[in-house]
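The next block holds one structure in the form of structure tokens; read it before the comments.
Each value in this text was obtained by applying a stated rule to the coordinates, not by laboratory testing. Computed from a predicted model, the values in this text were never measured in an experiment. When we count neighbours, we look across all protein chains shown, and the Cβ atoms used for this are built from the backbone with ideal geometry, even at glycine.
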Amino acid sequence: MKRLLVCTDGSDYAGVCCEYALWAAKRLDAAVDVLYVSDLRQFEIPAIADLSGSLGVQPYQGVVGQLQELEQHKANLIEASTRRVFVETGGLPEERFAFHHETGLLVDSIGQFEERASLVFLGKRGENANFAKGHLGSMLERVVRASSRPCWVTARKFIEPRKIALAFDGGKSGLKALQWLADTPIFKDAEIHVLSVADEISENACLGHLSLAERNLKNSGHKPRCEMLNGEVETVIGDYVEDFGIDMLIAGAYGHSRLRELFIGSTTTELLRRCRVPVLCFR
């Protein structure tokens, strides 16, 4: 049975992340692992260190103990809320749901769980989204770059994916994304758009990439709409997603053309920040 890994912090974005994972689990007949990681750094803040110096070791240990109790209480609440989403309300069988609570950093803890997962789900922003609306989650890019599995980065609101855009450059990660889209039944009824970004030098190559994608998707029963775009990657793709009402963007995390910049540095941040739809990232 396929397994999906959902990374949660209890935030609103994490709640939407669970909605997408439930939708995917039902269509893929998959099980779900929910992972919550207590961030060790909150037990190492300067204020606590100052308290240890002024009050002595025993009070400091007491404060840390209280923080750990609060974290365990939070983990219990998150487990109950996610179980309600997937099992009690969502109808996922109990045996296909598991909750895991770890202590450390998400980017370090995710490895042992993603080994058996086919997809990793993450919210675009975390607990501080309402205070820093222009920022992405602090762990998001680190996890996407480190993960060996496709990462489904969700937005603020759940919308059933009916229009899918594939940003395709012919590179290895793009080919993985194309093959996954062709083979996976999750989007079998969706409208597929294939996008390639070119300049005057690479137009012929882009036409070849689009032809390859069109052929593969048609062989799997899709009727893709293929478009060659010109301009800055994040701008033209972001505009296309908005103008054509795209519900989800799929892209390779690393490529061999101008789309190589799609998931490196500022282009990644700008595209994820700009697009108000989920982005499924393939390495």
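Sorting check: for 84-91, 6-13, 236-243, which peptide has the highest mean count of neighbouring beta carbons within 10 Å, and how do the rest follow? Mind dumping the intermediate values first?
Working: 84-91: 15.8, 6-13: 22.1, 236-243: 17.4.
Result, highest mean Cβ count within 10 Å first: 6-13, 236-243, 84-91.
Determine, for each peptide in 114-122, 182-190, 143-151, the mean count of other beta carbons within 10 angstrom over its residues, then list the peptides with the highest first. Mind showing how you got there, number by number?
Values: 114-122: 21.4, 182-190: 14.6, 143-151: 19.2.
Ranking the peptides 114-122, 182-190, 143-151 by packing returns 114-122, 143-151, 182-190.
Pop the C-beta distance of residue 160 and residue 108 into the FRET formula with R0 = 30 Å and round what comes out to the nearest 0.05.
Numbers: r = 34 Å, r/R0 = 1.12.
Here the calculated transfer efficiency is 0.35.
Could you give the nm distance between label points at residue 276 and residue 81, where each point is 7 Å from its Cα heading toward the beta carbon?
For residue 276 paired with residue 81, the spin-label model returns 2.3 nm.
Could you calculate the FRET efficiency of residue 26 with residue 235 from 1/(1 + (r/R0)^6), where r is the beta carbon distance between them and R0 is 25 Å, rounded to 0.05? If you can, show how the numbers build up before the last one.
Values: r = 35 Å, r/R0 = 1.41.
It comes to 0.10.
Give, in nm to one decimal, the length gained when the segment between residue 2 and residue 204 is fully stretched (0.36 nm per residue of separation minus the Cα-Cα distance). Present the calculation step by step, with values, prior to reporting the outcome.
Details: separation 202, 0.36 × 202 = 72.72 nm, distance 3.86 nm.
Additional length available on full extension: 68.9 nm.
Evaluate E = 1/(1 + (r/R0)^6) for residue 190 and residue 68, where r is the Cβ-Cβ distance and R0 equals 41 Å; express this FRET efficiency to the nearest 0.05. Before the final figure, lay out the partial values.
Details: r = 45 Å, r/R0 = 1.09.
That pair, residue 190 with residue 68, gives E of 0.35.
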